1. Does Asp132 qualify as being at pLDDT 95 or above, surrounded by fewer than 18 Cβ atoms within 10 Å (Cβ to Cβ), more than 22 Å from Gln77 (Cα to Cα) and charged (D, E, K, R)?
2. For Tyr141, all conditions in the list (1) closer than 22 Å to Met60 by Cβ; (2) in contact with a Leu (Cβ under 6 Å, 6 or more places away or on another chain); (3) surrounded by 19 or more Cβ atoms within 10 Å (Cβ to Cβ); (4) not β-branched (Val, Ile, Thr) hold save one; what is the number of the exception?
3. Take region 46-70 and flag every residue that is surrounded by fewer than 15 Cβ atoms within 10 Å (Cβ to Cβ) and over 18 Å from Leu140 (Cα atoms).
4. Quick test for you: out of Arg56, Arg66, pick the one residue that is farther than 22 Å from Arg18 by Cα and charged (D, E, K, R).
5. Can you run down the residue pairs with Cβ atoms below 7 Å, 6 or more apart or on separate chains, where the first is in region 105-119 and of a type in the set (Val, Ile, Thr) and the partner is surrounded by 11 or more Cβ atoms within 10 Å (Cβ to Cβ)?
6. Just give me the residues in region 71-120 being outside any strand (DSSP E or B) and either buried (at least 20 other Cβ atoms within 10 Å of the Cβ) or among the aromatic types (Phe, Trp, Tyr) (or both), in sequence order.
7. Filter region 128-180 for residues that are more than 21 Å from Leu4 (Cα to Cα) and among the hydroxyl-bearing types (Ser, Thr, Tyr); which is nearest to the chain's Cα centre (by Cα)?
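The values are calculated or read from the model by the stated rules, or taken from the named source; none is laboratory data. Remember, it's a predicted structure, so these values are computed and weren't measured experimentally. Positions of Cβ are generated from backbone atoms using ideal geometry, with glycine treated the same way; all protein chains shown enter the neighbour counts.
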Amino acid sequence: MRLLPVAFYRADVVAVARALIGKRLCRDGVELEITEVEAYRDGDTAAHTRHGVTARNAVMWGPPGRAYVYLCYGLHQMLNIVTGDDGHGAAVLIRACRPVAGLAEVQARRGGKRGPVLLTGPGKVAQALALDASFNHHVLYEPGGLELRDGPAPTGLLAGPRVGIDYASAEDRAARWRFAMAGTPWVSQRKTLTPL
């Protein structure tokens with residue numbers, strides 16, 4: 001599968017989020033199919049950019065096509081894909097994946113777990129790819145390290161509100177900016193997802 005070009009990332013974050021379902025994250029023999037994502041856009045009260053540019057979120061302001069990796073609650077690394085035009089703080093959180101290659105390595109990194117519990121959660125995805133803070137700002141459209149490659153389009157999509165954003169405005173809490181692949185168990189939170 002070909003590397004996704006930088007032009008893929010220059011679109012609106014919600015459009016990129018939908019387009020990411022079915023794409024492949026690849027690193028050192030591990031290949032994961034993206035099955036669930038959440039979009040966070042500039043001006044969104046749920047986004048890390050809601051208070052402006054900081055040392056932590058600077059990568060979200062561009063250029064697009066880079067990884068935004070941060071530590072959540074001091075425990076889990078989270079992988080996000082920076083999108084849109086330079087100067088607009090937007091990114092897509094990778095919430096869940098399905099293993100395509102390197103299953104034994106993924107299971108070793110995830111403590112021997114099996115089935116969807118391996119990769120249904122954003123911290124689990126980063127752990128399966130062995131990501132740490134050194135991958136923040138990593139370019140995803142060039143070969144080497146973490147790559148984002150094309151993949152088959154899903155046969156159906158689900159959508160629903162994002163998870164864990166109780167602090168956001170009512171409008172942003174209700175936004176259906178979480179997208180998932182239909183017909184797969186490799187999705188983290190199904191209750192509020194409905195066909196798109």
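1. Values: at pLDDT 95 or above: yes; surrounded by fewer than 18 Cβ atoms within 10 Å (Cβ to Cβ): yes; more than 22 Å from Gln77 (Cα to Cα): no; charged (D, E, K, R): yes.
No.
2. Here Tyr141 meets the rest and fails (3).
3. Within region 46-70, the first condition is being surrounded by fewer than 15 Cβ atoms within 10 Å (Cβ to Cβ), and the residues that meet it are 51-56, 58.
Correct list: His51, Gly52, Val53, Thr54, Ala55, Arg56.
4. On the way: Arg66 fails: farther than 22 Å from Arg18 by Cα.
Among Arg56, Arg66, only Arg56 is farther than 22 Å from Arg18 by Cα and charged (D, E, K, R).
5. Partner pairs satisfying both residue conditions: Val106/Val30; Val106/Pro99; Val106/Leu118; Val106/Ala128.
6. Initially, region 71-120 is screened for residues outside any strand (DSSP E or B), giving 73-75, 83-90, 102-119.
Across region 71-120, the qualifying residues are Tyr73, Thr83, Gly84, Gly89, Ala90, Val106, Leu118, Leu119.
7. This residue is Ser134.
Yes or no, residue by residue, for (1) in a strand (DSSP E or B); (2) among the basic types (Lys, Arg); (3) surrounded by fewer than 20 Cβ atoms within 10 Å (Cβ to Cβ):
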site: Thr155; (1), (2), (3): no, no, yes
site: Leu158; (1), (2), (3): yes, no, no
site: Val163; (1), (2), (3): no, no, yes
site: Ala168; (1), (2), (3): no, no, yes
site: Arg173; (1), (2), (3): no, yes, yes
site: Phe179; (1), (2), (3): yes, no, no
site: Gly183; (1), (2), (3): no, no, yes
site: Val187; (1), (2), (3): no, no, no
site: Lys191; (1), (2), (3): no, yes, yes
